[in-house]
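Q: The structure's right below; bear with me while I get my questions together.
The values are calculated or read from the model by the stated rules, or taken from the named source; none is laboratory data. None of these values were measured; they are calculated from a predicted model. Here the Cβ is made from the backbone with ideal geometry for all residues, glycine too, and neighbour counts use every protein chain on show. When the accessible area is computed, the model is the full protein with side chains, heavy atoms only, and any ligands, DNA or RNA have been set aside. Shrake-Rupley method; radii C 1.70, N 1.55, O 1.52, S 1.80 Å.
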Amino acid sequence: RLSEVDQWFADFHKQQFGVQTMAYFGFRFPRGGDERDPDQKTGTYALHTLKDTETIARLANGIKRFTLPDEFNYIKVYERIIKRGRSNQAENSYNNLAQEYEDRRQYPRAADMWKKFIGEYGAGQNNHRQRRLDQIVKNWGRFEPNNMMAAGNKANVEYRYRNGAKVSFEAHAIKVEKLLDDVKAYLRGRTGQIDWQQTQIGNIGYRLVELNQNQYLGAKVANWDLDLKPRPNHVDARVTVTTPLSKAGAYLVTATMADGNVSRIIIWNTD
């Protein structure tokens, strides 16, 4: 039962001294992580600079960066379990190490660990291990939350991405007047319980994409491309996208990452 005992031991020390303890105790990275200083190499929160012998954890006297003695270094214990060969404990150790390198924002090492894990134990139920690997190494992008903007100026929206070098956008007008008319008609015609989905005007994006309520989708009003500059080592980057949308109204904007995924957002311009 040596590997079983080792896993209990490693799990305990990861719980006590892992980098995730910063989040457990309420620490949050600033919006955008370390993007404001992409060349940062040292410092308490420079997780990507940690060696396997180091950690950053929340201790009784605050968040500290320190060296873990080999005896209590959960990374070394997990590696020791894996070297003993296939077992439930080795499978768990692969998963814990891959997650640890993701938490440390050491994404190339996390990707290598997922590849080894998949090579040894397969892609997992519902391909979940392969999907974790794809999240790191493939081209991904998504819109950041936005606020209503004033008409008259070209609307801006934040786009976060990794790996990809080009993204294409297209915008469709939303038939706001029809949406409002249908909500009013629905409310006038109801005498019993109200279906909240029928009255949430601000939830039009969900209704268009997930409920296929395309009767509110108007003509395409714009399309454009944007070249991106992905950061090395699969790290997220963020860019402010200036759209050509300046007229009052609501628009469904779709971003298609080259060789990647699709993301959508609603832009509201108000007069």
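Q: Do any residues in segment 88-109 that are in contact (Cβ under 8 Å) with a residue 12 or more places away in the chain and among the basic types (K, R) have Cβ atoms under 6 Å from those of residues that are open to solvent by 40 Å² or more (accessible area, probe 1.4 Å) and in a helix (DSSP H, G or I), where the two are at least six apart or on different chains, and which pairs are they?
A: Filtered contacts from segment 88-109: R105/H48.
Q: When the residues of segment 61-114 are filtered to those that are aromatic (F, W, Y) and not in a strand (DSSP E or B), which remaining residue is nearest to H128 (Cα to Cα)?
A: Ranking the candidates gives W114 first.
Q: Also, I was wondering about something else. Take the conditions modelled with pLDDT of 55 or more, exposed (fewer than 14 other Cβ atoms within 10 Å of the Cβ) and on the phi > 0 side of the Ramachandran plot and apply them to G26. Does it pass?
A: Judged against the criteria, G26 is a match.
Q: For segment 131-154, what are the residues that are assigned to a strand (DSSP E or B), open to solvent by less than 50 Å² (accessible area, probe 1.4 Å) and closer than 14 Å to W268 by Cα?
A: Correct list: M149 only.
Q: Further, regarding this structure: Please find, within segment 81-127, the residue that is surrounded by the most Cβ atoms within 10 Å (Cβ to Cβ) out of those that are among the small types (G, A, S) and within 27 Å of R162 (Cβ to Cβ).
A: S93
Q: Starting from segment 131-156, keep only residues that are closer than 20 Å to A258 by Cβ, then list their pairs with residues that are open to solvent by 80 Å² or more (accessible area, probe 1.4 Å) whose Cβ atoms are within a distance under 6 Å, requiring at least 6 positions of separation or different chains.
A: Qualifying pairs under 6 Å: N139/D259.
Q: I need every pair where a residue in segment 183-209 that is free of Cβ contacts under 8 Å to residues at least 24 places away in the same chain has its Cβ under 6 Å from the Cβ of a residue that is assigned to a helix (DSSP H, G or I) and not aromatic (F, W, Y), sequence separation at least 6 or different chains.
A: Y186/Q198; T199/V183
Q: Exactly one condition in (1) surrounded by fewer than 16 Cβ atoms within 10 Å (Cβ to Cβ); (2) within 15 Å of A255 (Cβ to Cβ) is not met by I194; state its number.
A: Among (1) surrounded by fewer than 16 Cβ atoms within 10 Å (Cβ to Cβ); (2) within 15 Å of A255 (Cβ to Cβ), the lone unmet condition for I194 is (2).
Q: For K178, are the conditions met, namely being of a type outside the set (S, T, Y), farther than 30 Å from K138 by Cβ, touching a residue at least 24 places away in the same chain (Cβ under 8 Å) and in a loop (DSSP other than H, G, I, E, B)?
A: no
Q: Mind checking whether some residue in segment 210-222 is touching a residue at least 60 places away in the same chain (Cβ under 8 Å) and surrounded by 14 or more Cβ atoms within 10 Å (Cβ to Cβ)?
A: No - not one qualifying residue is present in segment 210-222.
Q: Out of the residues in segment 231-256 meeting the condition of being hydroxyl-bearing (S, T, Y) and over 15 Å from M148 (Cβ atoms), tell me which one is least open to solvent (accessible area, probe 1.4 Å).
A: Step by step, filter segment 231-256, then rank; the result is T254.
Q: Can you tell me how many residues in segment 142-157 are more than 15 Å from L226 (Cα to Cα) and within 24 Å of the chain's Cα centre (by Cα)?
A: Matching residues across segment 142-157 total 6.
Q: State all residues of segment 69-128 that are among the β-branched types (V, I, T) and under 21 Å from H48 (Cβ atoms); if no residue qualifies, say none.
A: Hit for segment 69-128 is I75, nothing else.
Q: Applying the selection to segment 156-185, what residues are open to solvent by less than 60 Å² (accessible area, probe 1.4 Å), at pLDDT 95 or above and among the charged types (D, E, K, R)?
A: Scanning segment 156-185 gives E158, R160, R162.
Q: Restricting attention to segment 49-58, does a residue exist that is assigned to a helix (DSSP H, G or I), in contact (Cβ under 8 Å) with a residue 12 or more places away in the chain and closer than 13 Å to V19 by Cβ?
A: No, that holds for no residue.
Q: Quick one: is Q213 closer than 15 Å to L252 by Cβ and not β-branched (V, I, T)?
A: Considered against the rule, which asks whether it is closer than 15 Å to L252 by Cβ and not β-branched (V, I, T), Q213 comes out as yes.
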